[in-house]
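Encoded as structure tokens, the structure appears first; notes follow it.
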Amino acid sequence: MATANTIGPFLGRTRLAYFSMEIALHPDIHTYSGGLGILAGDTARSAADLELPMAFVTLISRQGYMRQEIDASGVQTEHADPWDPPAHATPLRAKVAVTIGGREIWIRPWLHVLCSAIGQTIPVLLLDTDLDENHPDDRRITDRLYGGDQAYRLRQEIVLGIGGVRALQALGFDIQRYHLNEGHAALLALDLLRRHPRPADQVNTGEIMYDVGYVRRCCVFTTHTPVEAGHDRFDYGLVAELLGNYVELEQIKLLAGADRMNMTHLALQLSGYVNGVAARHAQTTTRMFPGYRIRAVTNGIHVATWAHRDFAEMYNRRFSAWAYEPEVMVRADQLPDSEVWDAHQRAKQDLIELVRMRSGCDFDPEVPTIGFARRMTAYKRPELLFSDLAKLTAINDKHPFQVVLAGKAHPNDTAGKHHIEAIHSHIETLKGRVRVCYLAGYDMTLAKTLVSGVDIWLNTPVPPMEASGTSGMKAALNGVLNLSVLDGWWLEAWIEGVTGWAIGEDGAAQASADHLYGKLQDAVLPLYYTDRSRWIWMMKQAISKIAYYFNTQRMMRRYAAEAYLL
Ligand SMILES: *Cc1c(COP(=O)(O)O)cnc(C)c1O
């Protein structure tokens, strides 16, 4: 809820602006889709905790990303997912204009005051084009997150990047550093560039006419996508149509690529500090973009947001400073077994209750529960667990387990939607033998119940596609053990049989279903049934060796010291 509705208190102190297409501020504010938005939200929460002089800028996304419905045969349908801006934000008086496709489009920023668990606040600007003075088409630009076609997306990125810089300026902010969360925000750097031309007599033909050095000193860029195809690219025909002569096309081509406007190239060229979101991802990015220095700042989670109530209470009792300074959780290996196990069982009971309410499935609290929830898309291999149903059934006969899945497929991701359907057919096939259920509507609230209530958190991406991953960090914070392919953050957190388990070996082309089944039947499930004290020891190892480090307090202290203090 907004605890203050004016920008005044923030104006004098704010020096940094963080731009993100999506941000998960609150379960009822539908301005996020998945991991990127969760990260931005946790970033804002930690920035507030740490009293960093930051403001956050995003789109208001009045119609949300999408509400997922899944029918009995597993067919996903997508619906608008509106939220109520006046309940959480205040429209500010300032208005700014951008020109798109030759039309002037007015943008109003709304203020959401994010209040951290510790009581500090930070401003979030939500950009809105739904104004009377705009053409009806333009009023819809800030409706649907990741909705529409390329032209819609570019319009949104113009509003975010160019509109965002103008809104900050119109409100009276004096911003010295800009943080681009993914390439979506790259046009903000182009706007800064346009304001800083070089003296004409110093520019040779074929050179950049602007002061790139100045812009680089202002911009920090975090890239999240480890494959070329994942980066936003726009045809120059479309760019010319929408941006006109905002910056000469020939100049943009020098920065963003000759063929198409590649937002990652643009951001790389215009940022003085660039990082990937895990050590492996920084290496992958360096190979993809030779010639740039790509650092690694491994992602984290906001611990006070993602700890189940009973774990939070235990941490409050045992490590009073944990929410502000999660490093103190390094001593979690000293927690009494019974406290950890009891907190976990209560979290598990909450999950079982939710599963029963949402799907009618009856889960057994004594049976080890495997969770898998993430965006449903091919590289995450959501069907790997179901590769051989006979084998899966045989494992279950020996050591019973139960599985809960969730995840949305992007409306245009046909393969992702197919996975959801196929999983539903596997569930049908396994009926009466292995308990598996799929919950619709994966969001912050469901994620929290899942990552704290299961026993084993499964992740099966195709390396090196998982840039970082953060859901496994949430699991570890709640004493849930990761069983994961070695990719992203897990390479940095994994100690076999101590913090969790690997599927396959590092460097192996791809971990297979055999690796997964082998690990489940030989290591994970027998341990749960035959050596409960070792299992609880591992839960405590996961908390002490993962939660103390893989959090956004550490992440933001690193950004503050290494990127923002350029
Ligand atoms: C944490 C979270 C994610 C990101 O998790 P990954 O491990 O990157 O898949 C996505 N969606 C929601 C709702 C989350 O809470």
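The values are calculated or read from the model by the stated rules, or taken from the named source; none is laboratory data. Quick caveat, the model's predicted, so the values are computed rather than measured. Cβ sites come from the backbone with ideal geometry, for glycine too, and all protein chains shown count toward neighbours. The area values use the complete protein model at the heavy-atom level, side chains included, leaving out ligands, DNA and RNA. Shrake-Rupley method; radii C 1.70, N 1.55, O 1.52, S 1.80 Å.
For region 492-541, the set of residues classified as in a loop (DSSP other than H, G, I, E, B), more than 24 Å from GLU383 (Cα to Cα) and open to solvent by 30 Å² or more (accessible area, probe 1.4 Å) consists of ILE495, ASP531, listed by residue number. Scanning region 245-263 turns up one or more residues that are out of contact with any Phe, Trp or Tyr (no Cβ under 8 Å at 6 or more places or on another chain), open to solvent by 30 Å² or more (accessible area, probe 1.4 Å), part of a helix (DSSP H, G or I) and assigned by TED's automatic domain parsing to the domain that holds ASP191. When TRP457 is tested against the conditions (1) part of a loop (DSSP other than H, G, I, E, B); (2) crowded, with 24+ Cβ neighbours inside 10 Å, the lone failure is (1). Against the conditions (1) touching a residue at least 60 places away in the same chain (Cβ under 8 Å); (2) among the hydroxyl-bearing types (Ser, Thr, Tyr); (3) open to solvent by 20 Å² or more (accessible area, probe 1.4 Å), SER320 satisfies every one except (1). Examine region 423-441 for a residue that is in a loop (DSSP other than H, G, I, E, B), of a type outside the set (D, E, K, R), crowded, with 22+ Cβ neighbours inside 10 Å and within 14 Å of the ligand (Cβ to nearest atom), and state whether such a residue exists. No, region 423-441 contains no residue that is in a loop (DSSP other than H, G, I, E, B), of a type outside the set (D, E, K, R), crowded, with 22+ Cβ neighbours inside 10 Å and within 14 Å of the ligand (Cβ to nearest atom). Of the candidates VAL297, VAL355, VAL340, the single residue that is over 17 Å from SER452 (Cβ atoms) and out of contact with any His (no Cβ under 6 Å at 6 or more places or on another chain) is VAL297.
Of the helices (runs of 4 or more DSSP H) lying entirely inside region 273-341, those containing at least 3 residues that are over 19 Å from the mean Cα position of the chain (by Cα) span 279-288, 309-318.
Residues are listed down the side, and each one gets a yes or a no for (1) of a type outside the set (A, V, I, L, M, F, W, C); (2) in contact with a Gly (Cβ under 7 Å, 6 or more places away or on another chain):
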| site | (1), (2) |
| --- | --- |
| LYS398 | yes, no |
| GLY407 | yes, no |
| TYR442 | yes, yes |
| THR445 | yes, no |
| GLY453 | yes, no |
| LEU458 | no, yes |
| GLY469 | yes, yes |
| LEU483 | no, yes |
| GLY488 | yes, yes |
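Touching a residue at least 24 places away in the same chain (Cβ under 8 Å) and among the basic types (Lys, Arg): does that describe ARG554? So ARG554 fits the description; yes. Anything in region 369-396 that is touching a residue at least 40 places away in the same chain (Cβ under 8 Å) and closer than 19 Å to GLY432 by Cβ? List them, or say none. Listed by number, the residues that qualify are THR369, ILE370, LEU385, PHE386, ASP388, LEU389, LYS391, LEU392, THR393, ILE395.
Looking only at region 16-31, decide whether some residue is open to solvent by 20 Å² or more (accessible area, probe 1.4 Å), touching a residue at least 60 places away in the same chain (Cβ under 8 Å) and more than 16 Å from the ligand (Cβ to nearest atom). No, region 16-31 contains no residue that is open to solvent by 20 Å² or more (accessible area, probe 1.4 Å), touching a residue at least 60 places away in the same chain (Cβ under 8 Å) and more than 16 Å from the ligand (Cβ to nearest atom).
Among the residues of region 365-380, the one identified as charged (D, E, K, R), part of a loop (DSSP other than H, G, I, E, B) and surrounded by 21 or more Cβ atoms within 10 Å (Cβ to Cβ) is ARG374. Counting only residues that are touching a residue at least 40 places away in the same chain (Cβ under 8 Å), of a type in the set (Phe, Trp, Tyr) and more than 14 Å from the ligand (Cβ to nearest atom), region 267-310 holds 1 of them. The residue of region 232-243 that is surrounded by the most Cβ atoms within 10 Å (Cβ to Cβ), among those that are modelled with pLDDT of 95 or more and touching a strand residue (DSSP E or B) at 6+ places or on another chain (Cβ under 8 Å), is LEU243. May I ask you to verify whether ILE105 is closer than 30 Å to ARG260 by Cα, surrounded by 20 or more Cβ atoms within 10 Å (Cβ to Cβ), of a type in the set (A, V, I, L, M, F, W, C) and not assigned by TED's automatic domain parsing to the domain that holds LYS417? In short, yes.
MET66 satisfies every condition listed in (1) in contact with a Pro (Cβ under 8 Å, 6 or more places away or on another chain); (2) in contact (Cβ under 8 Å) with a residue 60 or more places away in the chain; (3) under 28 Å from GLY172 (Cα atoms) except (3). Before we move on, is LEU126 surrounded by 23 or more Cβ atoms within 10 Å (Cβ to Cβ) and touching a strand residue (DSSP E or B) at 6+ places or on another chain (Cβ under 7 Å)? Against the criterion (surrounded by 23 or more Cβ atoms within 10 Å (Cβ to Cβ) and touching a strand residue (DSSP E or B) at 6+ places or on another chain (Cβ under 7 Å)), LEU126 qualifies. The one condition from (1) out of contact with any helix residue (DSSP H, G or I) (no Cβ under 9 Å at 6 or more places or on another chain); (2) open to solvent by less than 20 Å² (accessible area, probe 1.4 Å) that ILE100 does not meet is (1). Counting the residues of region 463-485 that are open to solvent by 10 Å² or more (accessible area, probe 1.4 Å), out of contact with any strand residue (DSSP E or B) (no Cβ under 8 Å at 6 or more places or on another chain) and over 19 Å from ILE38 (Cα atoms) gives 1. Under the condition of being touching a strand residue (DSSP E or B) at 6+ places or on another chain (Cβ under 9 Å) and away from the ligand (no atom under 16 Å from the Cβ), the residues counted in region 356-391 number 10.
Scanning for something open to solvent by 40 Å² or more (accessible area, probe 1.4 Å) and within 13 Å of the ligand (Cβ to nearest atom), does region 44-52 turn up at least one residue? No, because not a single residue in region 44-52 is open to solvent by 40 Å² or more (accessible area, probe 1.4 Å) and within 13 Å of the ligand (Cβ to nearest atom).
Candidates are the residues of region 53-76 that are within 15 Å of the ligand (Cβ to nearest atom) and assigned to a strand (DSSP E or B); the one that is most open to solvent (accessible area, probe 1.4 Å) is ARG67.
When region 442-455 is filtered for residues that are near the ligand (Cβ under 10 Å from one of its atoms) and of a type in the set (A, V, I, L, M), the ones remaining, listed by number, are MET444, LEU446, ALA447, LEU450, VAL451. Of all residues in region 456-482, those that are within 23 Å of ARG331 (Cα to Cα) and away from the ligand (no atom under 11 Å from the Cβ) total 7.
So, LEU405, is that one in the same structural domain as SER359 (by TED's automatic domain parsing), within 25 Å of the chain's Cα centre (by Cα), at pLDDT 95 or above and closer than 24 Å to SER471 by Cβ or not? Yes: the conditions hold for LEU405.
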